Amino acid sequence: MRALLLRDLILAIRAGGGFGLGLAFFLIVVVLVPFSVGPAPELLSRIAAGALWLGALLACLLSLDRILALDWEDGTLDLLATSPLPLEAALAIKALAHWLTTALPLVVAAPLFGVLLNLPAPGFFWLTVSLLVGTPALSIIGAFGAALTVGLKRGGLLLSLLVVPLYVPTLIFGAEVARRGAEGLDATGPLAMLGGITAGTIALMPFASAAVLRMALK
Amino acid sequence: MSIWEYANPVKFLRLSERVLPALWVISFACLAIGLIWGFFFTPDDFRQGSTVKIIYLHVPSALMAINAWFMMLVASLIWLIRRHHVSALAAKAAAPVGIAMTLIALITGAVWGQPMWGTWWVWDPRLTSFLILFLFYIGYVALWSAVDDPDSAADLTSMLCIVGSVFAVLSRYAVNFWNQGLHQGASLSLDKETNVANVFYHPLLFSIAGFVCLFLALVLYRTGTEIRRRRMRALMAREVRHA
């Protein structure tokens, strides 16, 4: 398991694009927000928390097909499926690698980008906390979507279409934590819900993803 | 004699050919009674005026939009557990009908909301949940059409349907939490003393029965089409092999 994690991390770093592209995309979304709604600071500070969550979610979404597509092309996936390591564990590890290489940089960068969007001061802490708690769910749900569309020719757009509705609860609670935090309200309620979603998806989704992947590899 | 006998496509087709004409007749009769009674022979509501009459389309279609997804869930489970092809094809056949029902519910709701709430659309929990349900339907249909091999398409869409159901329920509670509603409570529930007033209630029952039968008829009909399409595919594959 550790070998698989290390391999995925090293591949993501050496092949380039792993952190780079996701972060750059996140930055672009954040830059586009003032262009589309106007530069008024009070408006930006009101929508900053939601815009940052949306940007992080989109950046996550964009990199999902990398979880499995390359391994599918070179046959690694078939080897993984026949290896003694359960496919559930392999997929959980791959989702973890995706989180470490794509989502974690987003979490670290989000407060910096918050400055660009005039995020209110108490929001920085809550934004980081909510992203830290919520993004693992995005990765692990994304692994399910990647398993569904592995090997399909027009997989990319379909993957987004399938995964976005599954992201709705995570986005709602995550953005709610950040928004309440930024407005100085009590954010522990939605934070507990967000943590529940993350814990539940980590516990259950690898089984669904592995079942789907077995069907797809058959 | 068990229900599983109809997992045999031939028996299924024979049964559906016998049942379908009756279903069409019942559904159109119920719809005609419910809609004509509802539109022309019920009084206007004292607050909503004549706009109240959209209930005869809105409530049944919303009901069937959710039940269609539920039927797809059951059919998907049957496919995954017992591997009956008819079941997988029935789930496939129900999805576009479900999309149509969701759209009817959304559009009639918007048409009613414009004069009553003063807006075509608000981000009310119920409205939002229906929009999310619509997205789920679209993803499901898109996945069916994207996978070439029919068996693995049935496998993958079944799993999507199951996981999607869990997330659809989650989303329902999440949007409840996220925004306060403008939409009124449930129009019909079994455990309430007073539902809709009786003048509106009786025609509504007819139109619901009509929608249920219409849905069943459409799904049976479309499943038959899917079975025949599958047969044609098999025949063509055989032809190619012999040629």
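The values are calculated or read from the model by the stated rules, or taken from the named source; none is laboratory data. Because the structure is a prediction, the values reported are computed rather than measured. Because the Cβ atoms are built from the backbone with ideal geometry, glycine has one as well, and the counts that use them run over all protein chains shown.
Selection within the range A:33-45: residues that are hydrophobic (A, V, I, L, M, F, W, C) and more than 19 Å from A:Ala175 (Cα to Cα). The member of this set that is farthest from the chain's Cα centre (by Cα) is A:Ala40.
Looking only at the range A:169-194, filter to residues that are surrounded by fewer than 19 Cβ atoms within 10 Å (Cβ to Cβ) and more than 11 Å from every other protein chain (Cβ to nearest Cβ); which one of those is modelled with the highest pLDDT? Looking at the filtered set, the residue picked out is A:Ala192. Restricting attention to the range A:198-218, which residues are buried (at least 18 other Cβ atoms within 10 Å of the Cβ) and either facing another protein chain (nearest Cβ under 7 Å) or within 15 Å of A:Gly145 (Cβ to Cβ) (or both)? Correct list: A:Thr201, A:Met205, A:Pro206, A:Ala208, A:Ser209, A:Ala210, A:Ala211, A:Val212, A:Leu213, A:Met215, A:Ala216.
Taken over the range A:152-163, the criterion of being at the interface with chain B (Cβ under 9 Å from one of its Cβ atoms) and closer than 22 Å to A:Ala92 by Cβ is satisfied by A:Gly155, A:Leu162, A:Val163.
Of the candidates A:Ala89, A:Ala51, A:Ala110, the single residue that is assigned to a helix (DSSP H, G or I), surrounded by fewer than 18 Cβ atoms within 10 Å (Cβ to Cβ) and in contact (Cβ under 8 Å) with a residue 40 or more places away in the chain is A:Ala89. Just so you know, in the range B:92-112 the residues that are in contact (Cβ under 8 Å) with a residue 40 or more places away in the chain and over 11 Å from the mean Cα position of the chain (by Cα) include one that is nearest to B:Ala153 (Cα to Cα), and it is B:Lys92. The single condition among (1) in a helix (DSSP H, G or I); (2) more than 12 Å from chain B (Cβ to nearest Cβ); (3) over 17 Å from A:Leu68 (Cβ atoms) that A:Gly142 does not satisfy is (3).
Only one of these is within 18 Å of B:Tyr201 (Cα to Cα), of a type outside the set (S, T, N, Q) and surrounded by fewer than 19 Cβ atoms within 10 Å (Cβ to Cβ): B:Pro21, B:Pro43. Name it. Show your work before the answer.
Numbers: B:Pro21 fails: within 18 Å of B:Tyr201 (Cα to Cα).
One residue alone meets the criteria, B:Pro43.
For residues that are touching a helix residue (DSSP H, G or I) at 6+ places or on another chain (Cβ under 6 Å) and free of Cβ contacts under 8 Å to residues at least 60 places away in the same chain, scanning just the range A:129-153, find the one that is farthest from A:Trp53 (Cα to Cα). Checking each candidate, the answer is A:Leu152.
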